[in-house]
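One structure below.
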Amino acid sequence: MTAALTPSGRQEATIVVKGAYSPDVILVDHGKPVRLSFLRQETAACSEEVLFPDFQRRAQLPEGELVPVEFTPEQPGAYEFTCGMGMLRGKVVAR
Ligand SMILES: [Cu+2]
């Protein structure tokens with residue numbers, strides 16, 4: 001899916017975490033800030049943390065809480081995010 005552009009110029013999307021990331025591919029424009037809000041709808045320990053290694057971001061995802069993760073992809077490319085064990089995977093594609 002394509003992230004929604006807000007009036008402030010930020011690109012936003014909500015990602016549900018339940019056995020997988022949904023959506024698991026988010027399209028954005030490079031050079032503009034991105035905010036992904038994670039909503040974890042399960043208690044499986046696997047998904048309790050999300051990592052964005054390319055942006056040095058990580059976040060704990062308490063069940064039922066909307067947790068924002070912000071970064072700016074300065075270059076076009078595909079940037080992976082995973083759970084703490086690397087089992088769940090998604091990516092941000094910046095064009
Ligand atoms: Cu995991």
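Readers should treat all values here as calculations from the given coordinates under stated rules, not as data from a laboratory. Values in this document were obtained by computation on a predicted structure and should not be read as measured data. Virtual Cβ from ideal backbone geometry, glycine too; neighbours counted across all protein chains shown.
I need the Debye-formula profile for the chain: one equal scatterer per C-alpha, no solvent, reported as log10 I(q)/I(0) at q = 0.25 1/Å, two decimals.
Per q value, in the given order, log10 I(q)/I(0) is -1.37.
Can you sort L36, L5 from fewest to most other Cβ atoms within 10 Å of each residue's own Cβ?
Ascending number of Cβ neighbours within 10 Å: L5, L36.
Among V16, V28, which comes first, then next, by fewest other beta-carbon atoms within 10 Å?
Listing V16, V28 from fewest to most nearby Cβ atoms yields V16, V28.
Cβ neighbours within 10 Å, averaged per peptide: list 64-70, 88-94 in order, most packed at the top.
Sorting 64-70, 88-94 by mean packing, highest first, produces 88-94, 64-70.
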